[in-house]
Amino acid sequence: MGFKIEQLAQIAVESIQDEIKDMTPSDIQDMDHERLIRELVQGQVPEYYGDLAEIVSEDLNLGFETDRTTLANHSDVFTFMQSRIFEEIEQIVLSKIDGWFTSEWDEPNYPNDGFDDGQVLASAGWGTDEDYGSASDML
């Protein structure tokens, strides 16, 4: 990662912080955070060829395709570079804001022995969770 990419990612992270600083946890849960992140990251991607070239010259890996960004999907090399820069900034931002938009009420990934077995059976199509009771009823 180049220094400029790190700086651009940090600006996006600070912008996200500014957007949510006065929100309640409920408001944060209800917002379209994926759209917010995408827009703020996109706002950091340079639009001028000289700026793009400067960033790519600092980080030569940006000139190579990835699983998400290929040259074939772009009209020219400059839009490809913009996409690669977006991708790199987004990865950094997502790692720095990990957990900011999750709820303590999110269901855990199964299997989880401490969670309601009846809900697992019901979600598999075997009646409802009320038919089975919960794991805590058995303890």
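The values are calculated or read from the model by the stated rules, or taken from the named source; none is laboratory data. Because the structure is predicted, anything quoted here is derived from the model rather than measured. Neighbour counts are summed over all protein chains in view; Cβ atoms, including those assigned to glycine, are modelled from backbone coordinates with ideal geometry.
The rows are residues; the columns are (1) aliphatic (A, V, I, L, M); (2) free of Cβ contacts under 8 Å to residues at least 60 places away in the same chain; (3) surrounded by fewer than 12 Cβ atoms within 10 Å (Cβ to Cβ); (4) assigned by TED's automatic domain parsing to the domain that holds residue 83.
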site	(1), (2), (3), (4)
15	no, yes, no, yes
26	no, yes, yes, yes
32	no, yes, yes, yes
38	no, yes, no, yes
44	no, yes, no, yes
50	no, yes, yes, yes
56	yes, yes, no, yes
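Does residue 43 satisfy the condition of being at pLDDT below 90 and not aliphatic (A, V, I, L, M)?
No, not satisfied.
Cβ contacts < 7 Å: first residue of a type in the set (D, E, K, R), restricted to the stretch 62-82; second residue surrounded by 13 or more Cβ atoms within 10 Å (Cβ to Cβ) and not in a loop (DSSP other than H, G, I, E, B), any location; separation 6+ or different chain. Result?
65/71; 68/87
Taking helices (runs of 4 or more DSSP H) that fall entirely within the stretch 1-78, which contain at least 1 residues that are under 16 Å from residue 96 (Cβ atoms) and either in contact with an Asp or Glu (Cβ under 7 Å, 6 or more places away or on another chain) or not β-branched (Val, Ile, Thr) (or both)?
Answer list for the stretch 1-78: 3-20, 33-42.
Could you grab me the full set of residues in the stretch 1-33 that are under 13 Å from residue 91 (Cα atoms) and either of a type in the set (Asp, Glu) or touching a Phe, Trp or Tyr at 6+ places or on another chain (Cβ under 8 Å) (or both)?
Hit for the stretch 1-33 is 6, nothing else.
Checking residue 69 against (1) in contact with a Lys or Arg (Cβ under 8 Å, 6 or more places away or on another chain); (2) surrounded by fewer than 18 Cβ atoms within 10 Å (Cβ to Cβ); (3) closer than 19 Å to residue 34 by Cβ, only one condition comes out false. Which one?
Every condition holds for residue 69 apart from (2).
Out of 100, 105, report the one residue that is surrounded by 11 or more Cβ atoms within 10 Å (Cβ to Cβ) and either part of a loop (DSSP other than H, G, I, E, B) or modelled with pLDDT under 90 (or both).
Checking each option against the conditions leaves just 100.
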